Amino acid sequence: MQTDFTLRPLTDDDHYWVREKMIELWGAEIVIAHGEVFRPAELPGFIAEANNKAVGLLTYHISGSGCEIVTIDSWREGVGVGTRLIEAARQVAGREKCRRLWLVTTNDNIQALGFYQKRGFVISAVRLNVFEKNRLLKPEIPLYGESGIPIRDEIEFEIKL
């Protein structure tokens, strides 16, 4: 298995690809987190590539003193793609003098809950039963995750910088 990959910042030429990837992965070009609508194709971020093929993607949004990871996906698990993407976002957050790097995931995303904690993130908030409201903004959000767990709550993780 190929384990070598490089990271590069998203460019204007990547907007269409990111938009299409969001539709493929998340059912729509928008992402809803903490009641806010994001368009990842319009955000800065990083692509991980191996042999000129995308193997990971991260988008982020800086607001106030925080750098929020809006989306993170790896299509080559277990070789450090997600970890390197987080490290790249952390470097951006440091350069921008952010006081925290943070993200939101769902209660059903068991793998992500462990992944983030192993990388130093701690739970900073839990928003119960927000997905009824989120589905009004994005009806494509399923009722159940891949493991059959109802998608109800948002769990916020952060690293203080």
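Tabulated values for the structure
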| item | result |
| --- | --- |
| Residues of segment 93-103 classified as out of contact with any helix residue (DSSP H, G or I) (no Cβ under 9 Å at 6 or more places or on another chain) and surrounded by fewer than 18 Cβ atoms within 10 Å (Cβ to Cβ), total | 4 |
| Meets criteria (among the charged types (D, E, K, R) and more than 17 Å from the chain's Cα centre (by Cα)) for Glu158 | no |
| Index of the failed condition, Cys98 passing every other in (1) in contact with a Gly (Cβ under 8 Å, 6 or more places away or on another chain); (2) without any contact (Cβ under 8 Å) to a residue 60 or more places away in the chain | (2) |
| Index of the failed condition, Ala50 passing every other in (1) among the aliphatic types (A, V, I, L, M); (2) over 16 Å from the mean Cα position of the chain (by Cα); (3) closer than 28 Å to Tyr144 by Cα | (3) |
| Residues of segment 68-80 satisfying the condition of being more than 13 Å from the chain's Cα centre (by Cα) and touching a residue at least 40 places away in the same chain (Cβ under 8 Å) | Arg76, Val79, Gly80 |
| Every residue from segment 69-93 that is over 21 Å from Thr11 (Cβ atoms) and among the acidic types (Asp, Glu) | Glu77 |
| Test set (1) of a type in the set (A, V, I, L, M); (2) over 17 Å from Phe157 (Cβ atoms); (3) in contact with a helix residue (DSSP H, G or I) (Cβ under 6 Å, 6 or more places away or on another chain) - Ile47 fails condition number | (3) |
| Condition check for Leu10: farther than 22 Å from Ile155 by Cα, under 16 Å from the mean Cα position of the chain (by Cα) and of a type in the set (A, V, I, L, M) | yes |
| Residue identified as more than 20 Å from Gly82 (Cα to Cα) and within 17 Å of the chain's Cα centre (by Cα) among Ser147, Ser124 | Ser124 |
| Failed item in (1) of a type in the set (Val, Ile, Thr); (2) farther than 16 Å from Leu137 by Cα; (3) loosely packed, with under 15 Cβ neighbours inside 10 Å, with Val37 passing the rest | (2) |
| Members of segment 141-161 that are in a loop (DSSP other than H, G, I, E, B) and of a type outside the set (Gly, Ala, Ser) | Ile141, Pro142, Leu143, Glu146, Ile149, Ile151, Arg152, Asp153, Leu161 |
| Cβ-Cβ under 6 Å pairs, at least 6 apart or on other chains, segment 8-26 side in contact (Cβ under 8 Å) with a residue 12 or more places away in the chain, far side hydrophobic (A, V, I, L, M, F, W, C) and assigned to a helix (DSSP H, G or I) | His15/Ala41; Val18/Ala41; Arg19/Ala41 |
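Residues are listed down the side, and each one gets a yes or a no for (1) loosely packed, with under 14 Cβ neighbours inside 10 Å; (2) out of contact with any strand residue (DSSP E or B) (no Cβ under 6 Å at 6 or more places or on another chain); (3) touching a residue at least 24 places away in the same chain (Cβ under 8 Å):
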| residue | (1), (2), (3) |
| --- | --- |
| Gly66 | no, no, yes |
| Ile86 | no, yes, yes |
| Arg90 | no, no, yes |
| Thr105 | no, no, yes |
| Gln111 | yes, yes, no |
| Leu128 | yes, yes, yes |
| Leu143 | yes, yes, no |
| Ile155 | no, no, yes |
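Every number in this text was worked out from the coordinates using simple rules, so none of it is lab data. Predicted, not measured: the structure shown is a model, and the values here were computed from it. All Cβ positions, glycine included, derive from the backbone under ideal geometry; neighbour counts span all protein chains shown.
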